[in-house]
């Protein structure tokens, strides 16, 4: 790497120099007005809880500098500081050689004209690798027990099991082998034993948002920097196995990933008013009433969230068509003679319940299994929201 090439190492001393060491000294060596933004970026790097080593801090800073178009400014400030520039050998380095420095700086100015949008939050493995893991967000309701069995290993929190019928298993977001990176913005990098439980206790009764590092990489294989950790876990727990898919999902056919969530790709067939009663028995005639209208199916993305059901258009701007909390839904189910169809009833006018009636909304899924899965997840939503609403 150019920034590391040719750095002179001290003859005596245990601290090995890296490019981050001179970068963090720039605010003390240079007083140029362009240092303001750079100083803020350096301070942000030093305060980042997710990078612990010099190598990680350097990588984190470079990603920020690309996003903020400050990479060329960083090199220019180095040039303005002869004391720091002396760190580079003029023979073996690029930055310490005048003939090479000028074209390199010109190239950095060209890079400054480019726009980068690098994920700065996904930084917990920059100490080990430039290769970043797959990250996703797991949002869930406050509940008595999430059902994730955790193992702490070298400052990382691994999910080593999911309890049957627990909230975490039902939500079908995390997999055994994943790493918990954050809870509601609290970084758990370099976590000590029991720290996740302490954070959860402070957040008792509040909705939870987990940042999860997936054990699988983009190609479906193992994310390589996790291998040393997983080997240790396998030695400690001989029957430990990585979870490749969720128990109720044979394949994610017809699913779309959006914002770290898998959404169902369905067809909305329409809705009909079924009168003053919203029990599950009305579905038997509500579904045929919608089908008899012969309305054109509408492609939608269907999200069974932790506290609500959200439906948005698949095309155009993904406009939200409607969303209903579980307290607004009176029943959910499907007819046995229409395997791919399911429906749920909602209160037509929740603001005036004494005069309200119920609407039946009908959807077509891609398979009988998918239809069953959606109905089951909505039904579980009733169960897990009932006690805290």
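Every number in this text was worked out from the coordinates using simple rules, so none of it is lab data. Being a predicted model, the structure only gives us computed values, none of them experimental. Don't worry about glycine lacking a Cβ; one is built from the backbone with ideal geometry, like all the others, and counts go over all protein chains shown.
Key figures for this structure:
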{"quantity": "Rounded tilt (10° steps) of 227-236 against the dominant C-alpha axis of the chain", "calculated": "60 degrees"}
{"quantity": "Compactness index (Cα Rg / 2.2 N^0.38 Å), the stretch 127-187", "calculated": "1.19"}
{"quantity": "Ellipticity estimate at 222 nm from DSSP helix runs (n ≥ 4, -39,500 (n - 2.57)) divided over the chain, nearest 500", "calculated": "-8500 deg cm²/dmol"}
{"quantity": "FRET efficiency for residue 217 and residue 315, using Cβ-Cβ distance with R0 set to 22 Å, rounded to 0.05", "calculated": "0.10"}
{"quantity": "Label-to-label distance, nm, for residues given as residue 149 and residue 105 (7 Å Cα→Cβ offset)", "calculated": "6.0 nm"}
{"quantity": "Cα Rg, Dmax (largest Cα-Cα span) when computed across the chain, Å", "calculated": "27.2, 86"}
{"quantity": "Residues residue 281 and residue 364, FRET efficiency given R0 of 22 Å [Cβ-Cβ distance, rounded to 0.05]", "calculated": "0.55"}
{"quantity": "In range of the label at residue 53: residues from the stretch 106-124 whose backbone nitrogen is under 14 Å from the point 7 Å along Cα→Cβ", "calculated": "124"}
{"quantity": "Spin-label pair residue 36/residue 294, simplified geometry with 7 Å Cα→Cβ offset, distance in nm", "calculated": "6.9 nm"}
{"quantity": "Helix 368-385 vs. the chain, principal-axis angle (Cα, 0 to 90°, nearest 10)", "calculated": "80 degrees"}
{"quantity": "Label-point separation in nm, residue 236 to residue 69, each point 7 Å along Cα→Cβ", "calculated": "4.7 nm"}
{"quantity": "Angle between the chain longest axis and helix 35-47 axis [Cα atoms, degrees, rounded to 10]", "calculated": "70 degrees"}
